[in-house]
Amino acid sequence: PPRVLSGIQPTADSFHLGNYLGALRQWVSMQDTHDAFYCVVDLHAITVEHDPALLRRRTKVAVAQLLAMGLDPERATVFVQSHVPEHAELAWVLGCLTGFGEAQRMTQFKDKSSKQGTGGTSVGLFTYPVLQAADILLYSPDPTAEGGRALRVPVGEDQRQHLELTRTLAQRFNHRFGDTFVLPDAHIPEGAAKITDLQEPDAKMSKSASSPQGIIDVLEEPGPMRKKIMRAVTDTGSEVVYDEEKKAGVTNLLRIFSALEGVSVPDLESRYAGSGYGQFKKDLAQVVLDTFTPIRERTLKLLDDEERLDRVLALGAERASRVATATMETVRERVGFVGRG
Ligand code: AQP
């Protein structure tokens with residue numbers, strides 16, 4: 001089967017609706033059709049100032065949520081990035097192939113660095129996309145294998161530029177040192193690729209940038225979750241219609257509803273024609289609750305069984321290492337490093 005690789009940062013107490021629709025839901029469905037590698041990227045999480053105890057806790061909560069969403073450690077390799085040191089090693093090599101100006105053009109860096117407080121922006125935040133390229137390319141299948149196998153990366157729209165850089169770096173490496181990496185393809189879901197903030201419908205829903213009222217957490221309690229949806233910013237009209245320009249708030253809610261319920265936007269528009277925003281939001285809140293309540297309950301249960309989580313991570317690290325060490329061996333040899341003998 002083709003391979004799939006994706007990662008998520010343990011930078012909050014819960015994943016959010018954007019992470020779920022933009023990426024995580026695809027992770028679950030792709031484990032059945034792909035040779036899947038999914039990692040919690042803790043090395044990425046320290047590119048901004050962090051608290052060690054919180055990072056440790058959030059990494060565990062992240063893993064528990066992934067399992068609660070339906071990832072099966074027998075079918076998919078679920079692991080923590082720092083357990084496989086080759087990620088950092090390949091990032092160094094790729095960093096040496098990345099132009100300074102090329103890295104400077106990354107819009108996520110521009111956004112995040114402008115928001116860094118007194119501590120300033122780290123070099124780690126600057127080289128973040130290079131580490132991400134390493135995360136992906138470490139799991140590249142052998143490009144010379146029969147049929148040249150595929151490497152797919154399910155992500156939200158915000159990661160498109162980083163995926164392009166990954167392709168560029170893979171191509172550059174292959175060109176200089178011989179065919180080593182398959183070029184990855186971004187797998188961006190139609191419709192739900194960019195879920196926006198409930199209070200600022202022009203900005204993406206984000207763990208670090210959204211206000212509590214703008215973001216729906218997967219692990220949110222039912223009461224507050226309902227309230228947030230009822231209070232989501234819409235507009236002064238009352239028609240439930242899709243219009244990105246004039247009705248960004250309603251459009252975002254329609255996208256969420258459509259993605260979660262599997263009903264098309266036009267069908268929803270006709271279902272709510274003439275009924276106003278109130279009923280629409282009430283029903284949407286129910287759909288969100290029906291999706292996240294079982295995930296929340298399973299996550300809490302999993303967090304009570306730390307030994308099980310540790311076992312899952314040990315198994316994941318072992319499987320991921322097998323692939324990563326083989327790739328790195330090839331890379332070292334191609335780059336010209338002398339073997340240890
Ligand atoms: N609003 C979104 N809509 C659709 N997809 C989204 N993703 C994030 N926000 C949205 C996708 O979720 C995956 C994991 O994201 P990440 O942990 O790497 O962090 P991020 O992309 O930087 O997301 P956040 O919420 O903005 O986190 P912080 O604030 O920590 O940076 C990715 O595939 C992403 O596309």
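On the basis of being in contact (Cβ under 8 Å) with a residue 40 or more places away in the chain, part of a helix (DSSP H, G or I) and either more than 16 Å from the ligand (Cβ to nearest atom) or open to solvent by less than 30 Å² (accessible area, probe 1.4 Å) (or both), does residue 78 make the cut?
No; evaluated as a whole, the condition is false for this residue.
I need the full set of residues from segment 1-43 which are assigned to a loop (DSSP other than H, G, I, E, B), of a type in the set (Ser, Thr, Tyr) and either under 26 Å from residue 54 (Cβ atoms) or within 7 Å of the ligand (Cβ to nearest atom) (or both), in order please.
Matches in segment 1-43: 11, 14.
Going residue by residue through segment 179-198, is there one that turns out to be more than 11 Å from the ligand (Cβ to nearest atom) and either β-branched (Val, Ile, Thr) or assigned to a helix (DSSP H, G or I) (or both)?
Among the residues of segment 179-198, at least one is more than 11 Å from the ligand (Cβ to nearest atom) and either β-branched (Val, Ile, Thr) or assigned to a helix (DSSP H, G or I) (or both), which makes the answer yes.
What is the one condition in (1) more than 18 Å from residue 198 (Cβ to Cβ); (2) in a helix (DSSP H, G or I) that residue 274 does not satisfy?
So the condition that residue 274 fails would be (2).
Identify the residue in segment 159-171 that is away from the ligand (no atom under 16 Å from the Cβ) and in contact (Cβ under 8 Å) with a residue 24 or more places away in the chain and, among all such residues, is farthest from residue 106 (Cα to Cα).
Top of the filtered list is 170.
Given (1) within 14 Å of the ligand (Cβ to nearest atom); (2) surrounded by 14 or more Cβ atoms within 10 Å (Cβ to Cβ); (3) part of a helix (DSSP H, G or I), where does residue 110 come up short, assuming only one miss?
It is condition (2) that residue 110 fails.
Right, residue 174: more than 16 Å from the ligand (Cβ to nearest atom), in a helix (DSSP H, G or I) and open to solvent by less than 40 Å² (accessible area, probe 1.4 Å) or not?
In short, yes.
With assigned to a helix (DSSP H, G or I) and open to solvent by less than 30 Å² (accessible area, probe 1.4 Å) as the only criterion, which of 64, 53 stands out?
On the way: 53 fails: open to solvent by less than 30 Å² (accessible area, probe 1.4 Å).
Within the list 64, 53, the selection yields 64.
For segment 123-158, which positions are within 14 Å of the ligand (Cβ to nearest atom), assigned to a loop (DSSP other than H, G, I, E, B) and of a type outside the set (A, V, I, L, M, F, W, C)?
The answer is 156, and nothing else.
The values are calculated or read from the model by the stated rules, or taken from the named source; none is laboratory data. All values derive from a computational prediction rather than experimental measurement. Ideal geometry is used to build each Cβ from the backbone, glycine not excepted, and the neighbour counts take in all protein chains shown. Please note that ligands, DNA and RNA were not included when accessible areas were found on the heavy atoms of the full protein model with its side chains. Shrake-Rupley method; radii C 1.70, N 1.55, O 1.52, S 1.80 Å.
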